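Q: The structure is given below, and queries will be raised subsequently.
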Amino acid sequence: MATKYDWPSAADRSVIGRSVSRLDGAEKATGRAKYAYDRNPEGLLVGRLVTSPHANARITRIDASGAERLKGVRGVVLIKDIGDEVQWTGAEIAAIAADTEEIARDAVRKFKVEYEVLSHLVKEEDVEKAGNRVVPGQENTEGDPSKALQEADVTHEGYYGAATITHCCMEPHGNTVHWKGEKDITVWASTQAVGRIGADLAKNLAADPSLPKVSPSDIRVITPVMGGGFGSKFNIDSWGVAAAKLSRMTGRPVKIMLDRDEELQMAGARPSYFGNVKVGAKKDGTLTVFDVESWATSGVGRGGNPALPYVIEPPNQRVRHVNVATNTGPARAWRAPRHPQCAVITHCALTDLAHKLDMDPVDFFKKNADLTARPDVYRTEIDKAAELIDWKEKYHKPGEGSGHVRRGVGLSIHTWGGRPHDSQCRVVIEPDGSASAEIGSQDIGTGTRTVIAMVLAETLALPVSRVNVKMGDSSFPPSGASGGSTTVGGVSSSTRRAAVNALEKLKEKVAGDLGASSADEIEAKDGYLRLKENPKKRIAWTAACRKLSTETISEMGNQPDRDGGKLADSGVGGVQMADVSVDMETGIVTMNKMVAVQDCGLIIDLKLAESQVYGSLIMGICSALWEERVYDQMSGVYLNADMEFYKLAGIGDIGELVVHMMTGVYDDRGVIGLGEPPAISPMAAISNAVFNAIGARVPTVPVTPDKVLAALEKKGGMA
Amino acid sequence: MEAFEYAAPNSVKEAVGLLSSNWGEADVLAGGTDLLSLLKEGVHTPKRVVSLKNVSGLKGVSASRIGATATIAELLGSSSVPAAVRQAAEGITSPQMRAMGTVGGELLQRPRCWYFRNGYGLLGKDAKGKSLAPNGENQYHAIIGNKGPAYFVSASSLAPALIALEATVTVTGPDGEDEMPLEKLFQTPSSDSQRENTLQPNQVLTGINLPGGGARSATYEVRQRQLMDWPLASASVALKMSGDTVESARVVLGHVAPTPWRSSDAESALAGKAVSEDTAMAAAKAALSAATPLSRNKHKVQLARVAVKRAILRAAG
């Protein structure tokens, strides 16, 4: 049912759907934007962490005296105690606050911990060697997979997987915390969850009876800008709690931001996934069965169940999954948890099956789109992507070609929800004509601030430059955490409703002047309020606001809202294709081009939506070709917790990126989140392109030269 | 990093006087692109750091001499640098490294071995004295000259090129100035007390001398990324030609052994031959005939072979 909150139709939109540059871009580029890392309140102390050098050990003795005696050391708090276990190298044991970072680092070296060293396991790819570290996981059967494999015209068996990677947030994790009075704590947090940090900190502090009782409302969280989280920054974390305790102890603000090596070791990882897959199809290419024995590690904790098979669901399927408990840094959500790895396991196996069927993968995936939740979406998007990458021209039978550089193309498809999270927004219109949205959400680098401004400007019929957005502060109306691509739907819905409500109040104020009997007869257009039936009868925005005299309009909008119409939705499809060159003598893979075709319902800011996809492609290329967490089994150490051998792309490494948003096609569905979906397909698409180029499957990503050469050797050389 | 004393002397002589006769007590600071990370990671904990920034006469690039503190950017800006050296320098793709990194520092940078960088010493041994690399993550480690106890690879990309061109280096110590072939600056350490170079702890590298002689030279690196990245293998060659025939060749591999690795087998395979895909491949095979890859770096043998082959073909142009 239509409501007054509905999005304006395409013809009536003046701001939504345009490409607007991010509003805080200049502030960020010039360094004026203040990140958690940039907060240096008067009297600041700097905290550093004492961490475990062992992969698995019990703490037998702690001696903080050497650290405490150092001049300039102001406080020490334990995160672990004697008798506790530390289960990966780099696990946090204590935090020390000092007058300067240098003193804090010196103190860390003087802090003595003794351990009883226990045996460890840090590698899981060879699951046969994991012994009692194997923990049973999901078992699920649909149909009769054994029979289906027997009856299939063509079958394929293969091993596929993706290594563990980390988030590599541009701004590492951390907070500056000031515990000023008994019930007055400020946290400048690098977080994806401004609305959750207070409760998380309060809960953690409550575990220490020596501390005064604080409630979430005593804690103010401030995050106007944030340098990336990708799913790893939802909690206050041990170092945030330690910073609060150190601040309480000293009465001074305390900053603890992780170093890059700490960030890579302790602040989250994306689990590996590996699987032995059996698939079968009819002669015409119809997939009939998917059978997988899979395993993964999420560190010492239990991992989630795999999303297998991924997107394409044949009638017969069997998943037997186990988790391997390893002494490695713990997993955290990473853009579209489980999806990218499961896309590799599924779509690489299906591409190999298509090869056995002598089918072009484009035809195979289009045929089997019937086994997805959105057949038409995928078919349309596959065609579009194929056109943009020139698939017909570039595709050849796997391995066909000559010379030492071979080119190939590959594809992958993906899905995601992206429903709107709960959100409240307050829109304030002042007599001086200013209009603001106040919202306790956060802009984690995606451009949320700009999106909110655009919704407000569209609704009030003002230019974007005329509206303000106040966000990233827990004193504003609460909004959900930015995870699972839920922010854009949530904040655009709440802002839209608040803005419509506020505008209605202003319309009522000027109704008399315009000769209208109710607000319904008035519309906002191009900076004026005017009569719908007689647009010449109008009043300029500032003049209208002046009528408020000393009054201020302040109206709320909520998401969800039973009577507020449907402004957002969930569930999207996307298709990506990669074009690579492989040096057959060295196994080096070079990116030529990637195409991403993506739907996400109604797009608010086209430029920022495209930026999200560009960023996803770059992240995906990194994990497809170079990125991998390397632990050493003998020492248990994370060897490449640095930016030198933990390899990410430079600008010269990513090739041409083409992003096509399905604008105008699915607008009626409303706004749908975009953070995760485009990050899913790159690894599978690139691995498939390498297969097309060389005619041999490199089973796992990253597709490194050693693996390419091994695959070629297994196949019998270059020819 | 640990606190240290900082000195910025005005002459090489003064600098030498400020250094210690024992390793580990003092470090020389040039561009700092390697030393600062070593200090920050606690791999080096010197009591004193001696900066060369005020020492005159160590800069400059000419056809016959490269000053030890000439930067990579200065090297690339000079038109008189032989092709193999230029191509090796072009592989240092980071603008920051080019601006700050020095030629002397590039030659003397410590190995990038991740066991060394994680505090397990140059030979990468655990607390029980067991070598970690041979059974561990040795994908970037040595495939030649790796009988132990050293398994790391020499990190320098310029050294193979300069050695191919018969460069010498001048070093100054308490006993004055000395000149030696650059090749002799490198060694495979046989114990913890040695380093991967033959400098005395109180000697300073002051310059690199190029004899000239008109060899055709080239470098080829196998690398994964255009971004700052270490070659997986590299090779530099210098060919003295007589018409279409190679009169004599020098072939030096990089990033495959604890030192830059000169292959006399490859050199003799080329001598007297015309350069073709076949002769280049034969030389490449000869260069790697002695390779003894570790558990995870068999592929580096192939990569090094390709580097040698492509460097030869590139030099022959």
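Q: Quick check on the range A:461-477. Is at least one of its residues closer than 28 Å to A:Gln612 by Cα, crowded, with 23+ Cβ neighbours inside 10 Å, under 31 Å from the mean Cα position of the chain (by Cα) and without any contact (Cβ under 8 Å) to a residue 40 or more places away in the chain?
A: yes
Residue-wise test of (1) in contact with a Ser or Thr (Cβ under 7 Å, 6 or more places away or on another chain); (2) in a loop (DSSP other than H, G, I, E, B); (3) in contact (Cβ under 8 Å) with a residue 60 or more places away in the chain.
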residue	(1), (2), (3)
A:Arg74	yes, no, yes
A:Lys80	no, yes, no
A:Trp88	yes, yes, yes
A:Ile103	no, no, no
A:Asp106	no, no, no
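Q: Is one or more of the residues making up the range A:543-551 under 30 Å from A:Pro478 (Cβ atoms), outside any helix (DSSP H, G or I) and either in contact with a Cys (Cβ under 6 Å, 6 or more places away or on another chain) or of a type in the set (S, T, N, Q) (or both)?
A: yes
Q: Go through the range A:656-680 and count every residue that is out of contact with any strand residue (DSSP E or B) (no Cβ under 8 Å at 6 or more places or on another chain), of a type in the set (A, V, I, L, M, F, W, C) and closer than 10 Å to A:Ser616 by Cβ.
A: Result for the range A:656-680: 1.
Q: Something else about it: Return a yes/no flag: does the range A:191-209 have any residue that is crowded, with 20+ Cβ neighbours inside 10 Å, free of Cβ contacts under 8 Å to residues at least 60 places away in the same chain, part of a helix (DSSP H, G or I) and not acidic (Asp, Glu).
A: Within the range A:191-209, one or more residues are crowded, with 20+ Cβ neighbours inside 10 Å, free of Cβ contacts under 8 Å to residues at least 60 places away in the same chain, part of a helix (DSSP H, G or I) and not acidic (Asp, Glu).
Q: Which fully enclosed strands (runs of 3 or more DSSP E) of the range B:149-218 have 1 or more residues being at pLDDT below 95 and closer than 20 Å to B:Asp27 by Cβ?
A: none
Q: Here's something else I'd like to know. Of the residues A:Gly636, A:Gly675, A:Gly670, only one is touching an Asp or Glu at 6+ places or on another chain (Cβ under 6 Å), more than 8 Å from chain B (Cβ to nearest Cβ) and buried (at least 18 other Cβ atoms within 10 Å of the Cβ); which?
A: Going through A:Gly636, A:Gly675, A:Gly670 in turn, the sole match is A:Gly670.
Q: Checking A:Gly512 against (1) assigned to a helix (DSSP H, G or I); (2) in contact (Cβ under 8 Å) with a residue 60 or more places away in the chain, which test does it fail?
A: Every listed condition holds for A:Gly512 apart from (2).
Q: Moving to a separate point now. I'd like to know if the range B:240-250 contains one or more residues that are surrounded by 24 or more Cβ atoms within 10 Å (Cβ to Cβ), hydrophobic (A, V, I, L, M, F, W, C), in contact with a Leu (Cβ under 7 Å, 6 or more places away or on another chain) and farther than 16 Å from B:Val275 by Cβ.
A: Within the range B:240-250, not a single residue is surrounded by 24 or more Cβ atoms within 10 Å (Cβ to Cβ), hydrophobic (A, V, I, L, M, F, W, C), in contact with a Leu (Cβ under 7 Å, 6 or more places away or on another chain) and farther than 16 Å from B:Val275 by Cβ.
Q: Looking at the range B:7-41, which of its residues are within 14 Å of chain A (Cβ to nearest Cβ) and not in a loop (DSSP other than H, G, I, E, B)?
A: Those that are within 14 Å of chain A (Cβ to nearest Cβ) and not in a loop (DSSP other than H, G, I, E, B): B:Leu36, B:Ser37, B:Leu38, B:Leu39, B:Lys40.
Q: Can you list the helices (runs of 4 or more DSSP H) lying wholly within the range B:62-130 that have 3 or more residues being within 28 Å of B:Ile312 (Cα to Cα) and without any contact (Cβ under 8 Å) to a residue 60 or more places away in the chain?
A: Counting at least 3 such residues, we get B:72-77.
Q: What are the residue pairs meeting all of these: first residue in the range A:544-556, first residue farther than 20 Å from A:Ser494 by Cα, second residue assigned to a strand (DSSP E or B), Cβ atoms under 8 Å, and 6 or more apart or on different chains?
A: Close Cβ pairs satisfying both conditions: A:Ala544/A:Leu529; A:Cys545/A:Ile429; A:Leu548/A:Ile429.
Q: Right, next: Read through the list (1) under 30 Å from A:Gly303 (Cα atoms); (2) assigned by TED's automatic domain parsing to the domain that holds A:Trp239, then give the number of the only condition that A:Glu68 fails.
A: Unmet for A:Glu68, out of (1) under 30 Å from A:Gly303 (Cα atoms); (2) assigned by TED's automatic domain parsing to the domain that holds A:Trp239: (1).
Q: Continuing with the same structure: Restricting attention to the range A:115-123, does a residue exist that is under 21 Å from A:Ala243 (Cα atoms) and surrounded by 14 or more Cβ atoms within 10 Å (Cβ to Cβ)?
A: no
Q: Test of understanding: among B:Ala271, B:Ala316, B:Ala282, which residue is without any contact (Cβ under 8 Å) to a residue 40 or more places away in the chain, surrounded by fewer than 20 Cβ atoms within 10 Å (Cβ to Cβ) and in contact with a strand residue (DSSP E or B) (Cβ under 8 Å, 6 or more places away or on another chain)?
A: Only one candidate qualifies: B:Ala271.
Q: Okay, next question. When the residues of the range B:36-60 are narrowed to those that are in contact with a strand residue (DSSP E or B) (Cβ under 7 Å, 6 or more places away or on another chain) and within 30 Å of B:Pro211 (Cα to Cα), which ends up surrounded by the most Cβ atoms within 10 Å (Cβ to Cβ)?
A: Step by step, filter the range B:36-60, then rank; the result is B:Leu52.
Q: For residues that are within 13 Å of chain A (Cβ to nearest Cβ) and assigned to a loop (DSSP other than H, G, I, E, B), scanning just the range B:289-310, find the one that is nearest to A:Met584 (Cα to Cα).
A: Among them, the one singled out is B:Asn297.
Q: Further question: Can you tell me which residue in the range B:95-146 is nearest to the other protein chains (Cβ to nearest Cβ), limited to those that are among the acidic types (Asp, Glu) and crowded, with 22+ Cβ neighbours inside 10 Å?
A: B:Glu137
Q: Taking the stated definitions as given, is A:Asp605 under 19 Å from the mean Cα position of the chain (by Cα) and either more than 14 Å from every other protein chain (Cβ to nearest Cβ) or more than 30 Å from A:Val708 (Cβ to Cβ) (or both)?
A: Yes: the conditions hold for A:Asp605.
Q: Quick one: would you say B:Ala150 is under 29 Å from B:Val237 (Cβ atoms), of a type in the set (A, V, I, L, M) and away from every other protein chain (no Cβ under 12 Å)?
A: Yes: the conditions hold for B:Ala150.
Q: Would you mind stating whether A:Val708 is out of contact with any Ser or Thr (no Cβ under 6 Å at 6 or more places or on another chain) and either within 14 Å of chain B (Cβ to nearest Cβ) or modelled with pLDDT of 95 or more (or both)?
A: yes
Q: Inspect all residues belonging to the range B:202-225 and state whether any of them is within 14 Å of chain A (Cβ to nearest Cβ), of a type in the set (A, V, I, L, M) and touching a Leu at 6+ places or on another chain (Cβ under 9 Å).
A: For the range B:202-225, residues within 14 Å of chain A (Cβ to nearest Cβ), of a type in the set (A, V, I, L, M) and touching a Leu at 6+ places or on another chain (Cβ under 9 Å): present.
Q: Just a yes or no: is a residue in the range A:310-327 buried (at least 24 other Cβ atoms within 10 Å of the Cβ), under 22 Å from A:His173 (Cβ atoms) and touching a Pro at 6+ places or on another chain (Cβ under 8 Å)?
A: Among the residues of the range A:310-327, not one is buried (at least 24 other Cβ atoms within 10 Å of the Cβ), under 22 Å from A:His173 (Cβ atoms) and touching a Pro at 6+ places or on another chain (Cβ under 8 Å), which makes the answer no.
The values are calculated or read from the model by the stated rules, or taken from the named source; none is laboratory data. Fair warning: this is a prediction, and the values are worked out from it, not measured in the lab. Quick reminder, even Gly has a Cβ in these numbers, built from the backbone with ideal geometry, and neighbours come from all protein chains shown.
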